[in-house]
Amino acid sequence: MTSRSQDELSAFIQSRTALVAPPGCPEVRLHLATAMTSLWQDTEAFMPGVTIPPPYWALAWAGSQALARHLIDNPWLVRGRKVLDFAAGSGIAGIAAAKFGAATVEAYDSDPLARAAVALNAQSNGVIITTVTEDPGKDNRTVSPWEAVLVGDLGYEIAAVQQYLPWLRKLGAQGVLVLLADPGGVYGEGKGMVPLADYEIAIADVSDTGRISTRNATIYRIAG
């Protein structure tokens, strides 16, 4: 197994991405992939012996863009709050929170390259985000040091939804502001799911064709 330093991870990301503004959030700039397939192949070569997930951090997914857009348009939601960007990916939601009034922002993603991308993207936007390596939702913990939890694109993986939604519901029931983006109707308007806004978000095709398509995403507050 190959372990890489933060500087090595950052250099790898910078060498294989472009710093651009995603279409739904021109206020934010991210290091995003221009060729997803080759990036994944390069990542496997860069970190041999490590099980590498797809480089989700290198795309501006519909849910996270919608959540960031919602925070930019409604900064009062996070102003003065301690915020966690959970399953952060590129960190776009946390960056939006940091740029528009959050007291502090932390970010968690299981992928070490994603955590490096969050740190790099935060620096590129002139904000401070602390990345954490321990899973905050591990063992369904119910005590939260955060006043707001942002969840952008968990719904793409049903196993992750089943694992973490009970934890998020418990946080919401305790008064934590839990904002969740649903980009594909995964959650629906179930118990405690309060719809706040709908967005149509432009995203790049993940098959390297360069085609731009749009997806709808709904922002929910989980009230328990």
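The values are calculated or read from the model by the stated rules, or taken from the named source; none is laboratory data. The structure displayed is predicted, hence computed values, not measured ones. We place every Cβ from the backbone using ideal geometry, glycine too, and count neighbours over all the protein chains shown. Just so you know, the surface numbers come from the protein's heavy atoms only, side chains and all, with ligands and any DNA or RNA stripped out. Shrake-Rupley method; radii C 1.70, N 1.55, O 1.52, S 1.80 Å.
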Exercise. Among (1) modelled with pLDDT of 90 or more; (2) in a strand (DSSP E or B); (3) open to solvent by 10 Å² or more (accessible area, probe 1.4 Å), where does VAL178 come up short?
Worked result: (3)
Exercise. In the stretch 29-56, what residues are modelled with pLDDT of 80 or more and either open to solvent by 70 Å² or more (accessible area, probe 1.4 Å) or hydroxyl-bearing (Ser, Thr, Tyr) (or both)?
Worked result: ARG29, TYR56
Problem set entry | Single residue of the stretch 103-116 satisfying the filter (more than 11 Å from the chain's Cα centre (by Cα) and open to solvent by less than 20 Å² (accessible area, probe 1.4 Å)) that is nearest to LEU77 (Cα to Cα) | VAL105
For this session: Output the residue which, of all residues in the stretch 128-149 that are modelled with pLDDT of 95 or more and either out of contact with any strand residue (DSSP E or B) (no Cβ under 7 Å at 6 or more places or on another chain) or farther than 13 Å from TYR108 by Cα (or both), is least open to solvent (accessible area, probe 1.4 Å).
Result: ALA148
Problem set entry | Test result for LYS191, at pLDDT below 85 and charged (D, E, K, R) | yes
Problem set entry | Verdict on PRO26 being more than 22 Å from TYR220 (Cα to Cα), at pLDDT 85 or above and not in a helix (DSSP H, G or I) | yes
Problem set entry | Selected residue (criterion: most open to solvent (accessible area, probe 1.4 Å)) from residues of the stretch 64-84 that are over 19 Å from ARG29 (Cβ atoms) and not charged (D, E, K, R) | TRP76
Problem set entry | Output for the stretch 198-213, where each listed residue is open to solvent by less than 70 Å² (accessible area, probe 1.4 Å), more than 17 Å from VAL20 (Cα to Cα) and either over 18 Å from the mean Cα position of the chain (by Cα) or modelled with pLDDT under 70 (or both) | SER207, SER213
For this session: Would you check if there is a residue in the stretch 156-175 being over 22 Å from SER5 (Cα atoms), open to solvent by 20 Å² or more (accessible area, probe 1.4 Å) and at pLDDT 95 or above?
Result: no
